[in-house]
Amino acid sequence: MKLACIDVGLKRIGVAICLDGSIVLPQDAILRKNRNQAARDVNTFLEEWEIEKLIVGLPKDAQSSEEMERRIRHFVSLLELDIPIAYQDEQSSSIEAKELTQGVFRHKKDGKIDSIAAKIILERYLF
């Protein structure tokens, strides 16, 4: 089953895919100008990769997690999906992504960290 994971943020959406059930690959993040454009870009991505299930990172037990959860669920409702959706705890995935990449590349606001966080979330879901 072809899986994708999104880590929804206010400025960027991290994206990762798993096409074979074992190897998870981060993809280029989707830069978010507004939620409608971001939803269109996510839909296009999912269609191009023929994704069969979407995993969405949700914050649990964090400060302001209720507000972010509400925003993420609203964003997911904008997606026009005919595939199953599962939610996975994303707690500390961005921190873990930053630690994993320390010294590997400069931490710019290009979405690399967001997509590595999505990779971590998808790996948690799978394993």
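The values are calculated or read from the model by the stated rules, or taken from the named source; none is laboratory data. Bear in mind that the values here come from a model prediction, so they are computed numbers and not experimental data. Methodologically, a virtual Cβ is constructed for each residue, glycine included, from the backbone with ideal geometry; neighbour enumeration extends over all protein chains shown.
Hey, among Lys98, Lys108, which residue is assigned to a helix (DSSP H, G or I), at pLDDT below 85, closer than 19 Å to Gln27 by Cα and basic (Lys, Arg)? Walk me through how you get there before you give the answer.
Details: Lys108 fails: assigned to a helix (DSSP H, G or I).
After applying the criteria, what remains is Lys98.
Can you work out which of the residues in the range 39-72 that are modelled with pLDDT under 95, closer than 21 Å to Tyr125 by Cβ and of a type in the set (Lys, Arg) is surrounded by the most Cβ atoms within 10 Å (Cβ to Cβ)? If we take residues in the range 39-72 being modelled with pLDDT under 95, closer than 21 Å to Tyr125 by Cβ and of a type in the set (Lys, Arg), then Arg71 is surrounded by the most Cβ atoms within 10 Å (Cβ to Cβ).
One line per residue, one yes/no per condition, for (1) of a type in the set (Val, Ile, Thr); (2) in a helix (DSSP H, G or I); (3) within 20 Å of Ile17 (Cα to Cα):
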position: Ala39; (1), (2), (3): no, yes, yes
position: Met68; (1), (2), (3): no, yes, no
position: Val76; (1), (2), (3): yes, yes, yes
position: Asp82; (1), (2), (3): no, no, yes
position: Gln102; (1), (2), (3): no, no, no
position: Ala117; (1), (2), (3): no, yes, yes
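When Gly14, Gly9, Gly21 are checked against the criterion of being loosely packed, with under 15 Cβ neighbours inside 10 Å, in contact (Cβ under 8 Å) with a residue 60 or more places away in the chain and either out of contact with any Gly (no Cβ under 7 Å at 6 or more places or on another chain) or within 21 Å of Ser77 (Cβ to Cβ) (or both), Gly21 stands alone in meeting it.
Scanning the range 40-73 for residues that are under 15 Å from the mean Cα position of the chain (by Cα) and within 13 Å of Val8 (Cα to Cα) yields a total of 13. Out of Leu54, Leu81, Leu3, one residue alone is closer than 16 Å to Lys119 by Cα and free of Cβ contacts under 8 Å to residues at least 60 places away in the same chain. It is Leu54.
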